[in-house]
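Novice: Pasting a structure here, questions to come.
The values are calculated or read from the model by the stated rules, or taken from the named source; none is laboratory data. All values reported here derive from a predicted model rather than from experimental measurement. Cβ sites come from the backbone with ideal geometry, for glycine too, and all protein chains shown count toward neighbours. Ligands, DNA and RNA are excluded from the accessible area calculation, which covers all protein heavy atoms including side chains. Shrake-Rupley method; radii C 1.70, N 1.55, O 1.52, S 1.80 Å.
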Amino acid sequence: MAGIGIKLNNLFEKNTITTHLAGFAYSSMSTVTPMLVVILNILLMGYFLGFSRLGFVERELFSCTVLYIFIFALLTAAPFNSVLSKYMSDVIYEERYEDIRPCFFFGLFLNISLSSLLGIPFCLWEHFVGKVDVFYTFTGYCGYIGLVMVFYSMIYLSISKDYQKISLFFLIGMVWAFLFSLFLRFIMHWGIRESMLFALMTGFFLTAFLELAIIKRYFVKNSNRYSSILRYFRKYWKLVVANFFYILGLYIHNFVFWNTEMRLVVVKTFVCNQPYDMATCLAMFTNISATIIFITRVEMHFHDKYKAYSEAVIGGKGADIDSARKEMFRQLSAELMNLVRIQFIITAVVYLIAVVYLPEFGISTLTMRIYPCLAAGYFILFLMYSEIIFLQYFDDLTGAMATSLIFCSVTFLGSLAATRLPEVWYGIGVVMGAFCGWTFAYFRIRFMEKHLDAHIFCRGSLLKPGMGTRPPGQVYTKNEKTTENGAVQRL
């Protein structure tokens, strides 16, 4: 993430209100702009195409289609993102740039294969059981595959420090989708629902192709080495588990409430829970600034301390290593506390605004009763995620994996219990899961602080491992004989 750190430092070092606002806007553009652009585009398309004039079933079919596209595109990309990011970082560090192209295409093949295996049966069910026409079903499937490609390609641009291009490509894709939807509706006279979904699908593919083009321009050589990628999946399987269960934990409480009496079944295929899903969306946006703050603070402060410690480990004295380690963990504690303080203030303000004004925009009373508990849960959740990132900084994959497993498991069990509670406590599963994950990660970081030297210096092997016959374990033989007078003489 060091790519945007220099720019942020240049903005914030002037220490004025204008530069602080500019720094916040820049970090926002580099992190959450893609999601906001997609949401804004859907709202604009709905407004200009008259989406509100559609019948209830048609509106819910489109909404559920888009919801499923995003959720399952994220879930199917999750097993690959973390390991491929690790592989890319190591390849760039070792300056083996010719290995990036095979990594991209091989990972894309794996991701598309998994996504297709999950998407095709669902689309067949949607068509034959839900009686949804083939064109709409196939368009939704293509939109799902297009978004999978977008999320996958974002890994490589993020590693290449090209955050601005990610936001730019999303902006181009969504502007195209908006204009194309107007063309399909008012020139070609397509239906409102079909125009919006087809245009959105083409926008995703345009974004993916732009990302693919820039990746191919950055990395022109191809070593055709694929076996090393598979070895990384075997070696860093804990990263696969950690990332997948973290993403699954974000939505598993929704899946639980999709199976309650409150659920809505659309065309015998799509299942959702409108009040709970809307409350989840509001809770996420209430705390989304934590992502911006975390990246900004890590880029500006912690990364330098981490770099100084790494350089001390490579060639420094023992005293220098101890000093750099203490400075690094002191900075880590400061960043966590600053994140808690700043995000708490932002969450409180946004929550107050939401409670006062959102009911005037048609947000249901049930949604507003569910919202507070979920907002508290997502506040803790984003703090927990920052600790997972710190654990990965220290190569503590076991700690990161355990944190994600605890978070996902407790959230699932807590949400099952919450279905029997009053509406105001529906989000308690997220609170419990995030708190348990945060607590475990906190004590794991403290453990790493005390045992970091052993973690860094006592791993690996002095001898290069290899195949063959194991050498004998005896390295020294002591021979003795007894003299005539009974004394023991050593030879």
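Novice: Name the shape class, rounded, prolate or oblate, that the alpha-carbon gyration tensor gives for region 170-277, where a ≥ b ≥ c are the square roots of its eigenvalues, rounded holds for a/c under 1.5, and otherwise prolate holds if a/b is larger than b/c and oblate otherwise.
Specialist: Details: a/c = 3.32, a/b = 1.14, b/c = 2.90.
Note, shape of region 170-277 comes out oblate.
Novice: Another question, then. Mind listing the long-range amide H neighbours of Phe394? Cut-off is under 5 Å, sequence gap 5 or more, other chains count too, H placed in the peptide plane at 1.01 Å from N.
Specialist: Distant-sequence amide H within range of Phe394: zero hits.
Novice: So what are the ³J(HN,Hα) numbers for region 347-359, from phi and the Karplus equation (6.51, -1.76, 1.60; θ = phi - 60°), rounded to whole Hz, Gly and Pro as x?
Specialist: 4, 4, 5, 5, 5, 4, 4, 5, 5, 7, 9, 4, x
Novice: Using amide H atoms built 1.01 Å from N in the peptide plane, name the residues 5+ places from Leu264, or on other chains, whose amide H lies under 5 Å from its own.
Specialist: Cys272, Asn273, Gln274
Novice: Sticking with this structure for a sec: Sort region 384-455 into rounded, prolate or oblate with this rule: let a ≥ b ≥ c be the square roots of the eigenvalues of the Cα gyration tensor; rounded if a/c is under 1.5, and if a/c is not under 1.5, prolate when a/b is larger than b/c, oblate otherwise.
Specialist: On the way: a/c = 3.67, a/b = 3.23, b/c = 1.14.
Judged from the Cα gyration tensor, region 384-455 comes out prolate (a/c at least 1.5, a/b above b/c).
Novice: If you don't mind, there's one more thing I want to ask. Extension gain Lys235-Trp125, at 0.36 nm per residue separation less the Cα-Cα distance, in nm?
Specialist: Values: separation 110, 0.36 × 110 = 39.60 nm, distance 3.72 nm.
Between Lys235 and Trp125, full extension yields 35.9 nm more.
Novice: Could you give each residue of region 313-325 its phi-based ³J(HN,Hα) in whole Hz, using Karplus coefficients 6.51, -1.76, 1.60 with θ = phi - 60°, and x for Gly or Pro?
Specialist: The phi angles translate into 5, 5, x, x, 7, x, 5, 5, 5, 4, 5, 5, 5 Hz.
Novice: What number comes out for the charge environment of Tyr47, summing +1 per Lys or Arg and -1 per Asp or Glu over other residues with Cβ under 13 Å away?
Specialist: +2
Novice: Rg(Cα) of region 89-194 divided by 2.2 N^0.38 Å?
Specialist: Compactness ratio reported: 1.39.
Novice: Oh, and also: Ignoring everything but the protein chains, give the 1.4 Å probe accessible area of Ile456 in square angstrom, nearest 10.
Specialist: About 70 Å², ignoring ligands and nucleic acids.
Novice: Count neighbours as other Cβ atoms within 10 Å of each site's Cβ, and list the GluC sites (Glu not before Pro) in region 45-149 that are DSSP loop with at most 16 such neighbours.
Specialist: Here the GluC sites (Glu not before Pro) that fit, given the DSSP loop and packing criteria, are Glu94, Glu95.
Novice: Now a separate question. Express in nm, to one decimal, how much length is gained between Asp133 and Ser323 on full extension, taking 0.36 nm for each residue of separation and deducting their alpha carbon distance.
Specialist: Full-extension gain reported as 61.8 nm.
Novice: Moving on. Checking the a/c ratio against 1.5 first, then a/b against b/c, what shape does the Cα gyration tensor give for region 229-274?
Specialist: Prolate.
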